[in-house]
Amino acid sequence: MPTQPYDYGVCDVCGTPMHEQTIKQDFWVRGELIVIDNVPAGVCPQCGAKVVQAEVGRRIAALLGNAERIATAPRMAVPVVRLDEYAPRTIIPA
């Protein structure tokens, strides 16, 4: 018996109907970036706001609290760029 898709309702930010998508969600935990893949979420196609069901939130919290799982998870490299090194310099006349 197929299950009905979850109704995420409308976006709290802009009022647009949410669409279910599978996303990657990032978290900073004790100074470490952790990315959780394959998260079912309601995503607003207008403004990009995201929400998850309560059970998904509980699963994410449990996963983030599992130090052994995080320690053995695959790693990825990400670029880190400082904005102040690349911002155009504007001279304001006195």
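Just so you know, all these numbers are worked out from the coordinates, no wet-lab data involved. Keep in mind the model is a prediction, meaning the values are calculated, not measured.
Residue by residue through region 73-86, what is 3J(HN,Hα) from phi via Karplus (6.51 cos²θ - 1.76 cosθ + 1.60, θ = phi - 60°)? Round to whole Hz and write x for glycine and proline.
Ordered by residue, 3J(HN,Hα) equals 6, x, 10, 9, 9, 10, x, 10, 10, 8, 4, 5, 7, 10 Hz.
Around residue 18, which amide H atoms from residues at least 5 apart in sequence, or from another chain, sit under 5 Å from its own amide H, with H modelled in the peptide plane?
Hits under the 5 Å cutoff: 9, 10, 11.
Which ³J(HN,Hα) values in Hz, rounded to whole numbers, follow from the phi angles of region 31-40 under the Karplus curve 6.51 cos²θ - 1.76 cosθ + 1.60, where θ = phi - 60° and Gly and Pro get x?
Karplus values, whole Hz, x for Gly and Pro: x, 10, 7, 10, 10, 9, 9, 6, 8, x.
Can you tell me how region 17-65 classifies by the Cα gyration tensor, rounded, prolate or oblate, using a/c under 1.5 as the rounded cut?
prolate
D for the chain, whole µm²/s, Stokes-Einstein with Kirkwood Rh over alpha-carbon pairs at 20 °C and 1.002 mPa s: what number? Write down the numbers at each step before the final one.
Details: Rh = 16.6 Å.
The calculation lands on 129 µm²/s.
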